[in-house]
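The values are calculated or read from the model by the stated rules, or taken from the named source; none is laboratory data. Bear in mind that the values here come from a model prediction, so they are computed numbers and not experimental data. Note that we place each Cβ from the backbone using ideal geometry, even for glycine, and neighbour counts take in every protein chain shown. We work out accessible area using only protein heavy atoms, side chains counted, and drop any ligands, DNA or RNA first. Shrake-Rupley method; radii C 1.70, N 1.55, O 1.52, S 1.80 Å.
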Amino acid sequence: MKVDFFLRFHTKVNQILYITGNHSLLGEYEMEQALQMNYYNNDFWQASIEIDEKKTPQLRYKYLLKNAGGEWIPENENTRIINNPKSAARDLALIDTWNHAGDFENAFYTAPFKEIFLYRKETRPRLPKDFNYQFRVKAPLLKKDETVCISGGSAALGNWAKDNIQLLQPVGNWFEISLQIEKDQQPFEYKYGVYNTKTKTFVRFEAGANRQLPVGLSNNPLKIFHDGFIYFPNNTWHGAGVAIPVFSLRSKKSFGTGEFNDLTLLVDWAKNTGLKMIQLLPVNDTIATNTYTDSYPYASISAFALHPLYVNLEKVAGRKHASHINSLKRKQKQLNELPEMDYEEVIKYKLQVLQELYELDGKEVLNSDGFDSFFEKNNHWLVPYAAFSYLRDKNKTSHYSHWNTNAVYDKSEIAKLTSKKSKPYKSIAFHYFTQYHLHLQIKDAADYAHKNGIALKGDIPIGIYRYGVDAWMDPDLYHMDQQAGAPPDDFAVKGQNWGFPTYNWQKMQQDGFAWWRKRFEQMSEYFSAFRIDHILGFFRIWSIPRHAVEGIMGHFVPAIPLHLSELNDHGIHTDLKRFYKPFITEEIINEIFGTNAEQVLTSFVVPNDWGSYNLEYQFETQLQVENYFSTMEPSEENKKLKQGLFDLISNVILLPETNEGESQYHFRFGMENTTSFRYLDDHAKGVLKYLYNNYFYHRQDDFWKKEAMHKLPCLKQATNMLICGEDLGMVPHSVPEVMKQLGILSLEIQRMPKDAKKLFFHPDDAPYLSVVTPSTHDMSTIRGWWEEDRAKTQHFFNNELGQHGEAPYFCEPWINKAIVLQHLYSPAMWSIFQLQDLLGIDGELRRAHPADERINVPADPKHYWRFRMHIPLEQLLKEKSFNQELSGYIEDSGRG
C-alpha cells in the first residue's frame, strides 16, 4: 500500500522537515532515523512510502522540524492514527497541518482537560461502505450537546445549506467524518461549524476564510485530511486554584502534619467554592538527617519515593488494627494542636508506628496482588530506594561515601542485598510496605479529586539531593563537583546556594532522557499538571563550585566565556590575577572588619609582592572558612568575622573557567559593587562594564535558547501533564519565546515584574498561557508584603489599585480582596492563590499576624518549613459566609 504524506508548512532557509512513526521506513520514532521530506510547492512538503498493510494494521506518525542549528523541534501531535479500511487496502494520501506546540488549543488536550474539565465520551463511528475522503478536525472547547459539522460547495457537503449539513463524530482527540465525493464535485471550498445535538440546530460556522480542497496532490483513491484546529476563539477557558503544601493542611484526623488523606477535605472545599486546581509542593521523601532540616521539600532523597510524613496511620491500620492506633490519640491531639508542624517529633512517631504495623500486617500486604502490581511497575526505583534507606539507617547517615559497605552503587550487589533470602530483607521490605501505603493513599486522593472535577498539580524540583538515591545510583548523570543555586537578587543579596549537584545534560541525552521520562510517568499516576521549579535551569543553571558557600561565587553554566584576547583587544593588559584573585588591601580590611582588622591582618592574610595581601592558604575558600568557624563558638563576633572573610574571598571581578587554565573567564555577578572594581582606573572600569553587560545580556541569548531546545521539546513530548514553568529571577530574553513556542505556561507575579522598567506587573497584562498569582511559598503573603516597604505599598495603592490618599498601614480585608479580584479577572488561563491570600479577604477568618502566614524564606538555607493552617479543614468547610463570598467572586470572574 502506497502512502503519500503532504504537510502544509512554510519553512525558512535551511529548515528541513521529517516524518517519524511506528514503521521502520519512518525511523520507529527515532529522530535521527526519521524520513526526510521533500519540498513540493509553496504550501506543501511531501514524502511517500510503501508499506505492507498486513504487517502494519495501524499507522502512527508525526512530523519533525530540523533547524539550521541542528536542533529538532517535534510537532505537538501524537494522535494521527490511520487504521486500514475493512475493505481491500487502498493507497492513501494524508494531507496534514503542522501542530504548533504553542497553539493555545493544545493545552486543552493535556491531562487535566482531557480527563477532568473537558472530558468527552469517545464513540467509534461506523464507516460507510464507500468513501474516498475523510475529514478530521479538533475542537476542544465545544459546549455540552455540541458537535462539529461540515458544509461546503459540494453535494456531498450539502452545498452550504444549513439544514443539510454533515455531522462529525468524536474519535479520540479528533472529530471525524467519511464521505464519498465524486470527481465532478471537485474542487470545492468548505468550512467546519457547530451543531447542537439536543435542539438539532445549526449554531455557527468557524471564523476565517473558507478552507480550500487542494487538488492535484495525489491520485491515491483515499484522501485523509487532518485539518488542525477549528477556527474558534481559543482563549475563553479560565480556571482558579489554591496552592498549599500538604504538610500545611490541618484536619481533625491528621497527626501533627497535613496528610494525603486530608486532600479529600480540601477537594470538597475547592469544589464548593468553584476552584478547579490544587497546587502542591514536592511530596517526595526527604529523610536524610532525621532533623528539622529534612522539612525542606525540595531536597528529596529520591525523585520517585513519597514521604512517610504524609501517611495516615489510621488508614494503614484499618479496622483490623484500629486498637493499635487508639493508644496514640493523646499524642496525636498534642501534635495536632501545635500552631506549626514539629517535624522531628511527627516523623519519629510515624516511622515508629509504621514499623509496628509492618510487624503486624507486613507479610500479608507484601503477598497481596495489589502490591505485586505496584512492585512490578515501580521496582526500578523502589528496590534501590529501599536498599538506600536501609543502609542510611544502618550507617546513621545518608552520606553514602561514609558507609562501611555499598558506598558505590553496584546493581548486582544490591540485588543480593534485597533478595528475599538475605538477612536484612525484612528491614528493607519495610520501605516497600510504607511506599505501597503512601501510593494507595495519594492515589485515592487523586482519584477523588478527579471525580469531583479538581486537578492536582505537582511540583518537580530543579535539583536532586547530593546524598540521595539518585546520585548514589547514577552519579554520572550529575556534576557532583558543582552546586546549583541562583544569582543575587533583592531577596537574597549573596545569591542562593541550594547545594544540589547540577545535571549532566549531555549524559542524560544519551539515553533519550530516560530518567526524566520515568519521573514524569510516575508523577502522572497522581498529578495531571505540574510546575517545573526554576525552568531557567533548562536554559542555563547557576553553578557554584563545591569550595564555595555563597551563591555569589557562581556563574551560569553553560555560558560563552570571556577570552583573554577580548580584554587585550580593549586595551587591558594587566596581570589578570588582579581580577580573579581576591583584591585585599589594608584599607579594605579596615573597611570590612573595623575593630577586628588587626586580628585579620595577623591570622588570616599574608602580604604579597604587589603591596596588598593574599589569604592564608588554609582560608583561601569559603568552605575552608566555614569549616574553621564550625568548630568555634557561634558568637556574633565570630559570625561577623566569618562573613567578612566570605566577602574578602568574593571580592573578585572574574572567575576562571575551570577547564581552561587562565585564558577564559566568567564575570562575577554584581562586579560593580565590589571594592576590587572600585579601586580600578576609569578606563578599566569602562571596558569591564561594557564586557560585563555584553556577557550577561547579549552574547548568551542564542546559545541558551539552543540549550533549552535540545531538552525541553523532548521532555514535553514525554508527558501529557499540563506543564507550568517557574520562570522567575534573571530571565534571559529567549525564555518567553521558547516557552511560548512550546506551549509551556509562564508564571506571572504582581510584585516581580519581568519588565525591569516597571515596579509592578498588572494581572491584566498576563499572556493567556500563564498562571497569575499574588504570592508564592517563597515570599510573604499579600498581607505580609503590604507591611514590608511603605513607599512601594503607597505606590501600589495609588497606581495599581487606583486609590487616592494615604495607603492604610495594614492590609485591610477590602485591599486583600481587591488584589485577589485583579487576579481573578486576568486574561491568564489560571489564577492560583496561596490559601492564606484567599483567607485574607475575611477579617475574622484570617490569621492574626501576617508574618505567621509565610512558608519559606529563600535567603535562609536552613529555614524550617513548618507552616500549617490555623483552622482545620472541617471548620473551613462550615464557613458558609466566606465560602459563598469566594464562590461568587470566582463565578462572576468566569473562572467557576
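Scoring K457 on the criteria (1) among the charged types (D, E, K, R); (2) in contact (Cβ under 8 Å) with a residue 40 or more places away in the chain; (3) open to solvent by 10 Å² or more (accessible area, probe 1.4 Å) leaves a single failure, condition (3). Taking the listed residues V625, V600, the one that is touching a Gly at 6+ places or on another chain (Cβ under 9 Å) and part of a helix (DSSP H, G or I) is V600, with no other qualifying. Out of T236, T199, I need the residue that is out of contact with any Ser or Thr (no Cβ under 6 Å at 6 or more places or on another chain), open to solvent by 10 Å² or more (accessible area, probe 1.4 Å), part of a loop (DSSP other than H, G, I, E, B) and in contact (Cβ under 8 Å) with a residue 60 or more places away in the chain. Which one? The match here is T236. Per this entry, D470 is counted among residues that are in contact (Cβ under 8 Å) with a residue 24 or more places away in the chain, within 31 Å of the chain's Cα centre (by Cα) and within 30 Å of D262 (Cα to Cα).
Among the residues of segment 652-667, the ones that are more than 33 Å from the chain's Cα centre (by Cα) and either among the hydrophobic types (A, V, I, L, M, F, W, C) or crowded, with 19+ Cβ neighbours inside 10 Å (or both) come to 2 in all. Within the bounds of segment 176-186, is there any residue that is assigned to a loop (DSSP other than H, G, I, E, B) and either open to solvent by less than 10 Å² (accessible area, probe 1.4 Å) or modelled with pLDDT of 95 or more (or both)? Looking for residues that are assigned to a loop (DSSP other than H, G, I, E, B) and either open to solvent by less than 10 Å² (accessible area, probe 1.4 Å) or modelled with pLDDT of 95 or more (or both), one finds at least one in segment 176-186, hence yes. Of the residues making up segment 743-774, those that are among the small types (G, A, S), within 19 Å of G241 (Cα to Cα) and out of contact with any helix residue (DSSP H, G or I) (no Cβ under 6 Å at 6 or more places or on another chain) are A766, S770.
Per-residue answers, yes or no, for (1) under 29 Å from A684 (Cα atoms); (2) more than 43 Å from the chain's Cα centre (by Cα); (3) buried (at least 16 other Cβ atoms within 10 Å of the Cβ):
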site	(1), (2), (3)
V557	yes, no, yes
P561	yes, no, yes
D575	yes, yes, no
I588	yes, yes, yes
G611	yes, yes, no
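Based on what the data block shows, is L118 touching a residue at least 12 places away in the same chain (Cβ under 8 Å), of a type in the set (A, V, I, L, M) and open to solvent by 20 Å² or more (accessible area, probe 1.4 Å)? When the stated conditions are applied, L118 passes them.
The number of residues in segment 35-64 being closer than 15 Å to Q15 by Cα and surrounded by 18 or more Cβ atoms within 10 Å (Cβ to Cβ) comes to 6. Taking each residue of segment 404-424 that is polar (S, T, N, Q) and looking for partners that are open to solvent by 40 Å² or more (accessible area, probe 1.4 Å) with beta-carbon atoms closer than 7 Å, six or more apart or interchain, yields N406/E413; T418/Y425; S419/Y425; S422/K416.
Listed here are the residues, each with its yes/no results for (1) at negative phi; (2) part of a loop (DSSP other than H, G, I, E, B); (3) in contact (Cβ under 8 Å) with a residue 40 or more places away in the chain; (4) not aromatic (F, W, Y).
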residue	(1), (2), (3), (4)
P112	yes, no, yes, yes
L127	yes, yes, yes, yes
F131	yes, yes, yes, no
F135	yes, no, yes, no
L141	yes, yes, yes, yes
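Within segment 725-738, is there a residue that is within 30 Å of T20 (Cα to Cα), open to solvent by 10 Å² or more (accessible area, probe 1.4 Å) and outside any loop (DSSP other than H, G, I, E, B)? Yes: one or more hits. Here C724 does not qualify as closer than 25 Å to A455 by Cβ, in contact (Cβ under 8 Å) with a residue 12 or more places away in the chain and over 14 Å from the mean Cα position of the chain (by Cα).
Which members of segment 1-25 meet the condition of being in contact with a Phe, Trp or Tyr (Cβ under 6 Å, 6 or more places away or on another chain) and open to solvent by less than 10 Å² (accessible area, probe 1.4 Å)? Matches in segment 1-25: F6, L7, L17, I19, T20, G21. If the condition is being within 16 Å of T574 (Cβ to Cβ) and open to solvent by less than 80 Å² (accessible area, probe 1.4 Å), then segment 668-691 contributes M671, T674, S676, F677, L680, A684, K685, G686, V687, L688, L691. Listed by position, the strands (runs of 3 or more DSSP E) contained in segment 1-90 that have at least 2 residues being on the phi > 0 side of the Ramachandran plot and either of a type in the set (D, E, K, R) or touching a residue at least 60 places away in the same chain (Cβ under 8 Å) (or both) form an empty set. Looking across segment 481-502, the residues that are part of a strand (DSSP E or B) and open to solvent by 20 Å² or more (accessible area, probe 1.4 Å) come down to Q482, Q496, N497.
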